[in-house]
């Protein structure tokens, strides 16, 4: 599922930002809901889910302890 969501941490991505988190969250919500664009009555729930997942992604990425790069 969601095979095209890219990995948002080094060495896969040098720097990911809020736009990357939002794009991944949007793609995830689209996949699990089955909606590319929700109907008007589902739009608020859809957008709320995207924002919650983007926030959770940012929190995860900020909390990860990644290995340090080796000095060259």
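Remarks
- Test: residue in region 38-54 that is loosely packed, with under 15 Cβ neighbours inside 10 Å, part of a helix (DSSP H, G or I) and modelled with pLDDT under 95: no
- Hey, residue 14 exposed (fewer than 12 other Cβ atoms within 10 Å of the Cβ) and more than 20 Å from residue 64 (Cα to Cα) or not: no
The values are calculated or read from the model by the stated rules, or taken from the named source; none is laboratory data. Because the structure is a prediction, the values reported are computed rather than measured. Every residue, glycine as well, gets a Cβ built from its backbone with ideal geometry; the counts of neighbours run over all protein chains shown.
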